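Asks: Can you keep this structure in mind? I'll have questions shortly.
All of the numbers you see were taken from the coordinates with simple rules; none came from a lab. In this text the structure is predicted, and so the values were computed from the model without any measurement. With ideal geometry, Cβ positions are generated from the backbone for all residues, glycine too; neighbour counts draw on all protein chains shown.
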């Protein structure tokens, strides 16, 4: 059964953990590519120093509004309440808005995808309410598609496996027909490892938060 909006708009840490075992289904050139999620990381901006939405210096309100206005066409069809969306963003402290991270502010169930080091993409799924920059990075999948050429045991390889690029920025996983999530396996607490996130040393004390979750006995995770 396909996951509905109410799954994604819950608290981010809960979603990050319960995404384990869920199935990502991608329709590509009349074929289906599928994988089971086995590793995730939660990002809860703007208070989380590892979040793309965090800034130690307050961003000018006029600058925020300018960025939203310049990119409004890209997100307007995804907004539930545009006025509330903007009002919430402007109220947030230590929140940064950019052309890249604006999708992170969409309500739960949208794709926030970006290029890393100019080489590979990373797939994030937005969580919680509209106007709050929270998301879950999908770090690894167990492939369910036969004859796969790329092992999706890492964020970049995962996007290659699913044939994802920047055209999926803001994409609605609840309403879209090119990629979506379905119910899969559920795990007990004892089957899930909680640990620190990877590659975020710049986040100082927030780098120590146990916001990475993975399936204990999976051979497909990116790093133990």
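Asks: Counting each DSSP H run of 4 or more residues in the chain as -39500 (n - 2.57), what helix-only mean residue ellipticity at 222 nm follows after dividing by all residues, to the nearest 500 deg cm²/dmol?
Replies: Helix-only estimate at 222 nm: -5000 deg cm²/dmol.
Asks: Could you state the angle between the C-alpha long axis of helix 82-91 and the longest principal axis of the C-alpha atoms of the chain, as a value from 0 to 90 degrees rounded to the nearest 10?
Replies: 80
Asks: Could you give the alpha-carbon Rg of the chain over 2.2 N^0.38 Å, rounded to two decimals?
Replies: Normalised Cα radius of gyration, the chain: 0.97.
Asks: Let me ask something else. Residue 76 versus residue 224, label points 7 Å from Cα toward the beta carbon: distance in nm?
Replies: For the pair residue 76/residue 224, the computed spacing is 5.2 nm.
Asks: Normalised by the residues of the chain, what does the relative contact order come to in percent, with Cα pairs under 8 Å and at least six apart?
Replies: Relative contact order comes out at 29 percent.
Asks: Here is a further query. Between residue 163 and residue 187, what length in nm is gained on full extension when 0.36 nm per residue of separation is reduced by their alpha carbon distance? Each step should come with its number before you reach the end.
Replies: Numbers: separation 24, 0.36 × 24 = 8.64 nm, distance 2.75 nm.
Using 0.36 nm per residue and subtracting the Cα-Cα distance, I get 5.9 nm.
Asks: With angles folded into 0 to 90 degrees, how steeply does helix 61-70 sit against the dominant principal axis of the chain? Use alpha carbons for both and round to 10.
Replies: 60
Asks: Something else: Averaging sequence separations of C-alpha pairs under 8 Å and six or more residues apart, then dividing by the length of region 107-188, give the relative contact order as a whole percent. Could you put the intermediate results ahead of the total?
Replies: On the way: 139 pairs, mean separation 24.0, N = 82.
Normalised by residue count, the contact order of region 107-188 is 29 percent.
Asks: Could I ask something else about it? Can you compute the label reach from residue 114? Point 7 Å from Cα along the Cβ direction, backbone N cut-off under 15 Å, restricted to region 30-67.
Replies: Residues 42-56 fall inside that zone.
Asks: Which of rounded, prolate or oblate describes region 105-224 when judged by the alpha-carbon gyration tensor and an a/c cut-off of 1.5?
Replies: On the way: a/c = 1.27, a/b = 1.06, b/c = 1.20.
The shape class here is rounded.
Asks: Calculate the FRET efficiency for residue 6 and residue 31 from the Cβ-Cβ distance with a Förster distance of 35 Å, rounded to the nearest 0.05.
Replies: 0.70
Asks: Another question, if that's okay. Would you mind getting me the FRET efficiency between residue 98 and residue 216? Use the beta-carbon distance for r and R0 = 35 Å, nearest 0.05.
Replies: E between residue 98 and residue 216, to the nearest 0.05, is 0.45.
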